[in-house]
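The values are calculated or read from the model by the stated rules, or taken from the named source; none is laboratory data. The structure presented is a predicted model; accordingly, all values stated were derived computationally and were not measured. In this analysis, Cβ positions are derived from the backbone assuming ideal geometry, glycine residues included, and neighbour counts consider all displayed protein chains. Ligands, DNA and RNA are stripped out before the accessible areas are found, and what is left, the full protein with its side chains, is counted by its heavy atoms. Shrake-Rupley method; radii C 1.70, N 1.55, O 1.52, S 1.80 Å.
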Amino acid sequence: MDASLPDYLIREQAAVGALVAFGFMRVLAGAVAFTRGWRIGWVEYAAIGAAALWCAPQLLALIANPSSVTALAELEGNAAGCAIALFCAPILSHRLGYE
């Protein structure tokens, strides 16, 4: 028996995982940057680079096997979760007084 999850569940799980990981990372990085006097722009660039690295394995799997539904669902979920987190986390960080 080949039991697998539907692609929408894979997409949702990947999105929630990326959202939590990058949301927490971005707020924590904003707090560290505030205490050390770093420019917040560099934190943004580092977060975007980390998001690209986070999505790279699924992108490589999709390039290796273009018909892979699982790799596409994971890539879409990770990209959506990272985008939402990197958009909303600076707002939360600003509300907490770190920016």
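A few comments on the model shown:
- Pairs with Cβ under 8 Å, 6+ apart, first in segment 15-28 and open to solvent by 20 Å² or more (accessible area, probe 1.4 Å), second among the β-branched types (Val, Ile, Thr) and part of a helix (DSSP H, G or I): Ala15/Ile84; Leu19/Ile84
- Verdict on Leu5 being of a type outside the set (Val, Ile, Thr), over 11 Å from the mean Cα position of the chain (by Cα) and assigned to a helix (DSSP H, G or I): no
- Residue count for segment 71-99 under the criterion of being farther than 30 Å from Ala33 by Cβ and either without any contact (Cβ under 8 Å) to a residue 24 or more places away in the chain or surrounded by fewer than 16 Cβ atoms within 10 Å (Cβ to Cβ) (or both): the result is 1.
- Residue tally, condition in contact with a Leu (Cβ under 8 Å, 6 or more places away or on another chain) and assigned to a helix (DSSP H, G or I), over segment 64-81: 4
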